[in-house]
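Let me begin by presenting the structure, written as structure tokens, before commenting on it.
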Amino acid sequence: MSARYTGLIERYRDRLPVSDDTRLISLGEGNTPLIKLNYIPKLTGKDVEIFVKYEGLNPTGSFKDRGMTMAVTKAVEEGSKAIICASTGNTSAAAAAYAARAGIAAFVLIPDGKIALGKLAQGMMHGATVIQIKGNFDDGMQLVKEVAEHAPVTIVNSINPYRLQGQKTAAFEIVEELGEAPDYHCLPVGNAGNITAHWIGYSEYACQLGDTVTEACALCEGECQYTNVVVCSKRPKMVGYQAAGSAPFMRGEMVDNPETVATAIRIGHPQSWDRAWKVKEESGGWFDECTDEAILAAQKLLAEKEGVFCEPASATSLAGALADIESGKIPEGSKIVCTLTGHGLKDPDTAIKQSTAPMVTVDATLDAVRNAILSNMPD
Ligand code: F0G
């Protein structure tokens, strides 16, 4: 392998469904930082280690790039000239960018007025056809499935199996960096594709590392090349957090009118429903919900005290983890990874609205600026 990092397919080629002849459509995605938090663990008053996997540093600013590089690579390999998705914004941004990179067309269906500004800009800038629908993500998803039966387009939502294959590599990176899987892996859950993908990744990796033959992981379903070899050394408990107004996994049923400030996970009919329940069962994890207030507070805490800016939906993983650390459900001594799924710059409106940082407008004089500094100096 050359020293230049050229994306996750190249890096994990032997564990992904590509051949030597496959033309890779890549923007250098993956290889994102796993940042150990300093301030926030102390704040909990408990003995825990918390790492955040900063997926906002992917090329289009979210974890979707991991899946999209695979989905678009395979679409192109299969001769597709156009891709389509429904999206709360990040999938559409990634689809638009990777389609541009590949030289094919992208059609994206988004809920009218309900996606963050940065994501809208991305879809438009990369030249996708942006179709705003007067409905929510779930309506868009239904339409995409129907229209794909009548038009020559490849669906690149996470029901496309290559998406999860790409996304599983985040778990590989974490195991490689920590030397083993963490005790708990916390994620925001919308469609539940990403929590499923991580579990596949941890399971495959554990199978590869494991040293005793016991049983096959159910999720591998024969696809994992290691299934027959071994089972699993350590895997984490997978914990999925949803926004309270948009929490079908907590309700135990689909939600028809989901609402949350975390627009990325404003989803009431998750596409990976059965698989996510299986992840919870197999990993010994759980689902829980966070209020919008708790989500925004966690987003702000990360930005102000750790220097990490993620979008609201992403902060759901930390908001939930903090509640479970406090209650003791996540016990002391635990090593926890929270995925921060998207960059804070995706949603500048929400950030500016909730910011309490002092912003003053003063005359352009030395005195005025000095006064502004002195009156805002920490004690
Ligand atoms: N976090 C962010 C920032 C997201 O954009 C999404 C999903 C999720 C978490 C949830 O991931 O669906 O795999 O459970 N966004 C999709 C989109 C729906 O269209 O961009 P999931």
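Points worth noting:
- Residue within the range 292-302 that is over 30 Å from N157 (Cα atoms) and in a loop (DSSP other than H, G, I, E, B) present: no
- Close pairs (7 angstrom Cβ cut-off, 6 or more residues apart or separate chains): within 11 Å of T22 (Cβ to Cβ) in the range 72-86, within 15 Å of the ligand (Cβ to nearest atom) anywhere: K74/Y162
- Note on the range 177-200: residues that are in a helix (DSSP H, G or I), more than 6 Å from the ligand (Cβ to nearest atom) and touching a Phe, Trp or Tyr at 6+ places or on another chain (Cβ under 8 Å) amount to 1.
- Count of residues meeting criterion [more than 13 Å from the ligand (Cβ to nearest atom) and at negative phi] in the range 72-96: 11
- Residue within the range 268-286 that is in contact with a Leu (Cβ under 9 Å, 6 or more places away or on another chain), in contact (Cβ under 8 Å) with a residue 60 or more places away in the chain, more than 27 Å from I110 (Cα to Cα) and basic (K, R) present: yes
- Pair list, Cβ < 7 Å and 6+ apart or interchain, from the range 42-68 residues that are surrounded by fewer than 24 Cβ atoms within 10 Å (Cβ to Cβ) to residues that are of a type outside the set (G, A, S) and assigned to a helix (DSSP H, G or I): T44/L322; T44/I325; T44/E326; K46/I325; V48/P41; V48/I325; E49/P41; P59/D65
- Boolean, D288 is modelled with pLDDT of 95 or more, over 24 Å from Y202 (Cβ atoms) and not in a helix (DSSP H, G or I): no
For every residue, the table says whether it meets (1) loosely packed, with under 12 Cβ neighbours inside 10 Å; (2) closer than 24 Å to L37 by Cβ; (3) within 14 Å of the ligand (Cβ to nearest atom).
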position	(1), (2), (3)
P270	no, no, yes
V279	no, no, yes
L296	no, yes, no
A303	no, yes, no
F309	no, yes, yes
A323	no, yes, no
T356	yes, yes, no
D363	yes, no, no
I373	yes, no, no
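- Filtering the range 1-33 to residues that are surrounded by fewer than 18 Cβ atoms within 10 Å (Cβ to Cβ) and acidic (D, E) leaves D14, D20, D21.
The values are calculated or read from the model by the stated rules, or taken from the named source; none is laboratory data. These figures come from a predicted structure and were not determined experimentally. Cβ atoms come from the backbone with ideal geometry, glycine included; neighbour counts cover every protein chain shown.
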